[in-house]
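In what follows, a single structure is set out as structure tokens and then discussed.
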Amino acid sequence: MFSSQTSRTLVSRVGYLSNYGITKYQTISLINQSLKRFSSNTKTFISEHPRIPQFKWNIQTFSSAQDAVNNSSASSMTFLGIYKPKSDEAEPLSSIFGSEIGKKYGKVIPDYVLNINNKQISVTTLEVESNKQMLGKNEEIDSFVEKCISISKKNSLQSITICLPSSGDKTQDDIIKSTIFSIYDSFYSYKFFKSSKPNSTEENKPKLSKINIVLYDSSSTTSTTSSTTSSPSSASFKKIISSAEAISEGRWLARDMVNAPANKLTPSAIAELSKQISEKFPNLFKLRILEKDECEKRGMGAYLAVAQGSENPPKFVHLTYDCGQENVPEVTLIGKGLTFDSGGYNIKSSASSIELMKFDMGGAAAVLGTAQTLALLKPKSKVHFIIAACENMVSDRAIRPGDVVTASNGKTIEVDNTDAEGRLTLADALVYVEKETKSDVIVDIATLTGAVVVGLGEKVAAFYTTSGEMVDKIEKAAEKGNEHVWHMPLFKSYKNVFKSNIADMKNSGKARYGGSITAAMFLTDYVENEKWVHMDIAGTVWEDNKGATGFGVGTLTNLVNIVSEE
């Protein structure tokens, strides 16, 4: 459906053209062409659920690496990957492989060849510079798994075994999850706009069908004859696998959204994707889309000021997940949804990576990816997903530097920088949430500032909250989701930068430093909930070598689960 404002725009154009003798048939054709700008067939650039490949999983645990090699299902495999810490305290490779180590062999080009039960097994290893306290760190597991999957792809292997240490500062469950996350990340690709893309899902399906994950006690320095094994029939492991698969499914959706070009993923497309989720799981979701005219009635002047320069109309999305039970925790997740950010009249340059500003809806992608994941996990909670979707463009209608706008809580804002637009959309979204929901926890997630990239780089997201309880929950949720976050301070004195002579506040100010902190402080004027968290993911949403990361889905999903289980 199109907003009444959009309809009025089209009608006015048709009336104008009729003055010049345009026929009725030509008029209808022109209307249809205009409508195409406001809609997108998301199937042409977003993969459909289920997105991730399905594997047959087998999980085993052993008391030592040698037991894992000699007694696990690896004996029936053609490829074995062994993650081995390089440490004086850890068991040397020679004691694991004994005299069976061979030279490099075969097209797989492994590091070693083993002769196990009279069968040659190709083996690759990753020796990492780490001590016992560092075993199982996410980066190391990611690198190792990527290496294993790369070999399996190049050689069209149907089954592999991945051997990992189970001791260290990560739990066994977290190591299994991290491994599954890394496996699915390694298989992700975005080929919608490749002329040589596979013609069918079947052609794009990986050859690999069976994956064994073998855990061994890296603190053990001697082999023992006894070992314990577990299978996916174990309720615990089955739950771990299901959770990791669901989060990976949500990540793939988020990555598709961020990778999609801005001429395809418009605000209307975000609304359409929200609709698809609600229709796919009608018993779990309800959807409400606020069009421009309704946003105007609600006084969302800050949000609409950003949107007014674009021909693509804004779409304010309110998707609600409801488990159907009473007296459950209520959580709101707000995702910044700028489908393209030109910077407005404070226009971005190539130095500001304007060509990548399609990823400025990374927060919205994380939120919808989480919605997809929760539909599969079905936590006992009520969750609101809010996206104030729009574009920040340059036109004769666009907001100008120096303009004053009024947010929906009545605060007036002097817009001294049109490129500080994300906080304007979030301000009205936060006010809406506190008016329309009874949320126990509110989290907004946004690609908000370049300053956070300077401070924390591309692997760590910043988060802000004054609640010690929420600090613990966000850190725990991120760790379980294989994502990295860092708690940042909120200093009231930093708000001085927003002082305005003509309005209640400016949206940016002239402060040269602490940009991520000042942006977070701006938002504090639009939310009162003590359990509010702001996440700045500008650095983590994109990696130059692989594109979109899907960052945020793991953290948000686990946060909802943590809150739901209290």
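Taking the accessible area of the range 410-566, probe 1.4 Å, and keeping the other protein chains in place, the carbon and sulfur fraction comes to 47%. Report, ordered by chain and residue number, the aspartates and glutamates lying within cross-link reach of K280, taken as a straight Cα distance under 20 Å and ignoring same-chain residues fewer than 8 apart. Partners found: E48, E245, E249, D256, E272, D322.
Counting lysine pairs in the range 420-566 whose alpha carbons fall under 23 angstrom apart, excluding pairs fewer than 8 residues apart on the same chain, gives 18.
Per-residue packing, averaged as other Cβ atoms within 10 Å, sorts the ranges 384-390, 177-183, 480-486 into the order 384-390, 177-183, 480-486, beginning with the highest.
With contacts taken as Cα pairs under 8 Å at a separation of at least 6 residues, the range 423-550 carries a relative contact order of 44 percent. First compute the accessible area of the range 248-287 with a 1.4 Å probe, then give the percent of it belonging to carbon and sulfur atoms. Carbon and sulfur together cover 46 percent of it.
Taken per residue, the accessible surface of the range 230-339 reaches 36 Å², heavy atoms only and a 1.4 Å probe. With the highest mean first, a sort of the peptides 330-342, 538-550, 393-405, 442-454 on other beta-carbon atoms found within 10 angstrom per residue produces 330-342, 442-454, 538-550, 393-405.
By per-residue mean of other Cβ atoms within 10 Å, what is the highest-first order of 489-498, 358-367? Intermediate results must be reported in sequence, preceding the final value.
On the way: 489-498: 14.0, 358-367: 30.9.
Ranked by mean Cβ neighbours within 10 Å, highest first: 358-367, 489-498.
Per residue, the range 356-418 exposes 28 Å² of accessible surface when a 1.4 Å probe is rolled over the protein heavy atoms with every protein chain present.
Cα gyration tensor of the range 343-438, axes a ≥ b ≥ c as square roots of the eigenvalues: rounded (a/c below 1.5), prolate (a/b > b/c) or oblate? In terms of gyration-tensor shape, oblate.
The values are calculated or read from the model by the stated rules, or taken from the named source; none is laboratory data. Treat the numbers as computed from the prediction; the structure is a model and nothing was measured. Methodologically, a virtual Cβ is constructed for each residue, glycine included, from the backbone with ideal geometry; neighbour enumeration extends over all protein chains shown. The protein model used for the area step is the full one, side chains on, heavy atoms only, and it has no ligands, DNA or RNA in it. Shrake-Rupley method; radii C 1.70, N 1.55, O 1.52, S 1.80 Å.
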